[in-house]
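**Q** Dumping the structure here so I can ask a few things about it.
The values are calculated or read from the model by the stated rules, or taken from the named source; none is laboratory data. Note that this is a predicted model, so its numbers are computed, not measured. We place every Cβ from the backbone using ideal geometry, glycine too, and count neighbours over all the protein chains shown.
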Amino acid sequence: MARIASGAWVASVAWALLLVLSAPCSAQPLVGTSSEKQVLSGRPATIVFTVRDQNAEPLANTPVTLILAQPWVDADGQSFSDLALVTDADGTVTLHDVAVGDGQFALRTSGGEVQGKINVVGEFWVLVPPLVAIVLALWLRQVLLALAAGVFAGAWILYGNPISAFLEGLRSIVVGSVADDFHAAMLIFTAALGGMVGVMAASGGTHGIVESARKHIRGPRSAQLMTALMGLVIFFDDYANTLLVGNTMRPVTDRMRVSREKLSYLVDCTAAPVATIAPISTWVGYQLGLIGTGLVAIGDTRNAYDLFITSIPYSTYSWFALALVFWVIGLRRDFGPMLKAETRARSTGKVVADGATPLVDDVGESMAPKEGAPRRAHQALLPIAAVLLVTVVGLYFDGRTALLAQVGAQGMSQLALRDIFSAADPAASLLWAVMSGCILVVALTVGERSLKLSEAMDAWTKGAKAMLPALIILVLAWSVGTVCERLGTGDVVVGWATGNLSARLVPTVSFVVAAILGFSTGTSWGTMAILMPIVIPMAHELPLAAELADGTRNSLFLASVASVLSGSVFGDHCSPISDTTIMSSLASGADHVDHVKTQIPYALLAGTLAVLLGALPAGFGVPPYITLVLGVALLGVVMRFVGRFPSPE
């Protein structure tokens, strides 16, 4: 009986399956949205509907009707509740610049109707990821956890639930950040430079620099001055500047009882501020591209490079940040958390605070040379010089090769050196440079028998491993930036700030918005890319509408462009999720949160004066040379009367 019952059950299931398979397929369509996973409530967005049949084949050239639960608004400001559309050959329908209030919709074809939903996000939510990362970093003092939480929060908003946030956040956001060509190159550059520093330390080269420097460095002030001057010399790239100066001067400043917080401040404030106003640097090409695109948009035929050069005096934050560095060193005074850190270092010799967690192991201490081994400074100085030289030469030849392919040999005669450097790929040049430095340092140490080949390679590996925590943090910082870009954080911040705006306030508002955006997203380049296409037309149109004098209009325009550039650097300096701020902590061996906390008061001082004596007066046509001199002098006065000596030197 059991077998008969079992056979009957199997026959029944087979019969049911046969009926299902033989039934005609429904023509009901499948629909999806291949736009971003979310749109901002009430803000224009591009939405792409994909319409397919049950076999996932596109319904090409098919009439469809979009039916909305609540009206949307088109690019002309007209609301609509239903819309007749026709799919293209791929079965897609694209709506441009549509403001969505409620995301519920239905898509109807001759074969049926399917309900769908677009994830609509309120404006406040797009600020959550950077806020989570910043607050947790300052509160818990765990940068890795804070950045990971910021990425996860953004992915949750993007994908709608925690499971998708975890899966897609890792796959498309974190992995995507690593897969970016420039980011991948910077990861290799950082790890390889750590390896080079490891060999320099193990061979005694780093200690040789310290001993050689002691002949010229007699105390904390001269050690800080040497650090700042090196930052000015390596002007062509902020990454190379930060990593080379920090790693080279760390043993020297440690010996002179300069806190790691002060070292990271000196490194950070002589990197991006220098790169953003240097006539030739790895930043110039990127900045010129943004400026040139903006000029084309407003029909301005001026040369982008000439405009950039003319705008340099208006980059007041960059100038004030550099001036403040030398006032701090010259007057030997500090204030706020930096004063506490310097007092600790001078009085106790503790260059990091108790309980601090530097981003990178001190390879100079963990791989000290053998007892009695010679301290040869050239084994460190020559590889560093090789990195600098190959970087500059690499930028020249890479840029020249790129331009030759574009304009040919005859066109090259009409181009200046700045054009060649602007066309170069900085990532490639930095990789060539650091690999040259690694080869040279291993050849020197092995050739001069300071280390065996196996010892040199072991030291290189240890140095590269010491960079691992910082590399992870860099990836997460880039991931937070990716999340902010996908959520449209920049659009929201810009929208809040540029409502009803006076023409004379365009430079000021541009600087403030750039600062907020740079702080929130942790990227000065990303901030520039978001703001420059908005600020250039605004700085062109508003002064014309206000009928301002030609000189005032020109001053206002130049100041607005410069405010985006220097305001981005200001926000970047204050942000705990900034990649360059992280790299400054990394290269200096400082606790990252301590670096941010001690640097912010100085950045705020320079930033406040940049607004009061830079952006605001420029809006009224005041020449920048007057305000620059006044601002630099005022910085000295503030440091003289507000700053205090850490301790007798």
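**Q** Restricted to segment 205-224, and to residues that are surrounded by fewer than 24 Cβ atoms within 10 Å (Cβ to Cβ) and at pLDDT 80 or above, which residue is nearest to Leu451 (Cα to Cα)?
**A** Restricting to residues being surrounded by fewer than 24 Cβ atoms within 10 Å (Cβ to Cβ) and at pLDDT 80 or above, the top hit is Ile217.
**Q** Return a yes/no flag: does segment 58-74 have any residue that is on the phi > 0 side of the Ramachandran plot and under 41 Å from the mean Cα position of the chain (by Cα).
**A** no
**Q** Output the residues belonging to segment 627-649 that are more than 25 Å from Val258 (Cα to Cα) and out of contact with any helix residue (DSSP H, G or I) (no Cβ under 8 Å at 6 or more places or on another chain).
**A** Val629, Ala633
**Q** Also: Go through (1) modelled with pLDDT of 50 or more; (2) touching a helix residue (DSSP H, G or I) at 6+ places or on another chain (Cβ under 8 Å) for Glu36 and report which single condition fails.
**A** (1)
**Q** When segment 617-633 is examined, which residues are found to be surrounded by fewer than 17 Cβ atoms within 10 Å (Cβ to Cβ) and in a helix (DSSP H, G or I)?
**A** Tyr625, Ile626, Val629, Leu630, Ala633
**Q** Would you confirm whether or not segment 540-552 contains a residue that is in a helix (DSSP H, G or I), at pLDDT 90 or above and surrounded by 23 or more Cβ atoms within 10 Å (Cβ to Cβ)?
**A** No, segment 540-552 contains no residue that is in a helix (DSSP H, G or I), at pLDDT 90 or above and surrounded by 23 or more Cβ atoms within 10 Å (Cβ to Cβ).
**Q** Go through segment 60-84 residue by residue and tally those that are in contact (Cβ under 8 Å) with a residue 24 or more places away in the chain and of a type outside the set (Asp, Glu).
**A** 15
**Q** Scan segment 438-482 for residues that are among the acidic types (Asp, Glu) and outside any loop (DSSP other than H, G, I, E, B) and jot them down.
**A** Glu455, Asp458
**Q** For segment 270-284, does any single residue satisfy the condition of being within 21 Å of Ala587 (Cβ to Cβ) and surrounded by fewer than 23 Cβ atoms within 10 Å (Cβ to Cβ)?
**A** yes
**Q** Exactly one condition in (1) out of contact with any Pro (no Cβ under 8 Å at 6 or more places or on another chain); (2) at pLDDT 80 or above is false for Phe235; which is it?
**A** (2)
**Q** Of the residues in segment 297-322, how many are assigned to a loop (DSSP other than H, G, I, E, B) and of a type in the set (A, V, I, L, M, F, W, C)?
**A** 1
**Q** Residue check, Leu430 against (1) assigned to a loop (DSSP other than H, G, I, E, B); (2) within 22 Å of the chain's Cα centre (by Cα), all met but one. Which one?
**A** Checking Leu430 against (1) assigned to a loop (DSSP other than H, G, I, E, B); (2) within 22 Å of the chain's Cα centre (by Cα), the one that fails is (1).
**Q** I'd like to verify a number: residues in segment 92-118 that are at pLDDT below 80, in contact with a Gly (Cβ under 8 Å, 6 or more places away or on another chain) and assigned to a strand (DSSP E or B), how many?
**A** Within segment 92-118, residues that are at pLDDT below 80, in contact with a Gly (Cβ under 8 Å, 6 or more places away or on another chain) and assigned to a strand (DSSP E or B) number 2.
For every residue, the table says whether it meets (1) β-branched (Val, Ile, Thr); (2) under 23 Å from Gly526 (Cβ atoms); (3) free of Cβ contacts under 8 Å to residues at least 12 places away in the same chain.
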position	(1), (2), (3)
Asp398	no, no, no
Ala409	no, no, yes
Ala428	no, yes, no
Gly437	no, no, no
Leu440	no, no, no
Ala443	no, no, yes
Ala464	no, no, no
Leu471	no, yes, no
